[in-house]
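The values are calculated or read from the model by the stated rules, or taken from the named source; none is laboratory data. On a predicted model such as this, the values are computed, not experimentally measured, just so you know. Positions of Cβ are backbone-derived with ideal geometry, glycine not excepted, and every protein chain shown enters the neighbour counts.
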Amino acid sequence: MIKKNTSISALCLVVGLFFQVQKAHSQIEKCESYQYNWVFKDTLGALKLVSCNLSELPKDLVQFVMLKHLDASQNEIRYATFEYLPNLIGLDLSHNKLVSVHKSIDQMKTLQFLYLDHNELTKIPETIKAINQLKVLDLSNNLLVELPEHLGELTQLDSLDLQENKLVAINNWINPSMKLKYI
């Protein structure tokens, strides 16, 4: 049995702990607190912080050097910075209260799946164009009025969800070299 630090408070109950010997497949289903002082911080591959009443992403996530997938959906996050999460492949911040995406999102060079749906976003920063491996971008159910032209530089993007926004028109940002299959 894996022993965790007893000082961890119970903000969220641990629903399941799935720890496999292989580093990339280690996973925790729920969080308990911001104090992630667990033995397996060097091997954790996926972390779900769903419905944990978080108002921000914990800065100490930087300790999880193998973290590839983070689900922090259904929280109260209004603002998030990303410079301490450079190795993520998948990030789910849906169903929060995000009002903007910080320009540091350009630090997430390996990101392929980004879920920002059901938030309060009014714009997308130009720096998102640096995430050149992004395949799925869900911006549905936000407050977007227009889309920036720099989305056309996401040439690996094959799925873009824009439903339920306040879009007046879609600019001529779609690049012929984009691999969009679903819009």
Suppose the filter is within 23 Å of E56 (Cβ to Cβ) and either in contact with a Gly (Cβ under 9 Å, 6 or more places away or on another chain) or assigned to a loop (DSSP other than H, G, I, E, B) (or both); does L157 pass it?
no
Only one of L47, L114 is assigned to a strand (DSSP E or B), within 28 Å of H150 (Cα to Cα), in contact with an Asp or Glu (Cβ under 9 Å, 6 or more places away or on another chain) and at pLDDT 80 or above; which?
L114
The one condition in (1) assigned to a loop (DSSP other than H, G, I, E, B); (2) at pLDDT below 90; (3) more than 25 Å from I77 (Cα to Cα) that L147 fails to fulfil:
(3)
Would you tally the residues in segment 99-135 being of a type in the set (G, A, S) and under 18 Å from I77 (Cβ atoms)?
2
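Answer yes or no: is there a residue in segment 102-111 that is polar (S, T, N, Q) and more than 15 Å from the chain's Cα centre (by Cα).
no
For (1) small (G, A, S); (2) modelled with pLDDT of 75 or more; (3) within 26 Å of N165 (Cα to Cα); (4) surrounded by fewer than 15 Cβ atoms within 10 Å (Cβ to Cβ), each residue gets a yes or a no:
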{"position": "K4", "(1), (2), (3), (4)": "no, no, no, no"}
{"position": "E32", "(1), (2), (3), (4)": "no, no, no, no"}
{"position": "K59", "(1), (2), (3), (4)": "no, yes, no, yes"}
{"position": "T81", "(1), (2), (3), (4)": "no, yes, yes, no"}
{"position": "L88", "(1), (2), (3), (4)": "no, yes, no, no"}
{"position": "S100", "(1), (2), (3), (4)": "yes, yes, yes, no"}
Quick one: is K97 over 22 Å from N141 (Cβ atoms), without any contact (Cβ under 8 Å) to a residue 60 or more places away in the chain and of a type in the set (K, R)?
no
Please indicate, with yes or no, whether at least one residue in segment 118-133 is buried (at least 20 other Cβ atoms within 10 Å of the Cβ) and of a type in the set (D, E, K, R).
no
Under the condition of being at pLDDT below 90 and out of contact with any strand residue (DSSP E or B) (no Cβ under 7 Å at 6 or more places or on another chain), which residue from segment 62-79 is nearest to N165 (Cα to Cα)?
V62
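Conditions (1) modelled with pLDDT under 95; (2) under 19 Å from F113 (Cα atoms); (3) surrounded by fewer than 19 Cβ atoms within 10 Å (Cβ to Cβ), marked per residue:
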{"position": "V136", "(1), (2), (3)": "no, yes, yes"}
{"position": "N142", "(1), (2), (3)": "no, yes, no"}
{"position": "L151", "(1), (2), (3)": "yes, yes, no"}
{"position": "N171", "(1), (2), (3)": "yes, no, yes"}
{"position": "K179", "(1), (2), (3)": "yes, yes, yes"}
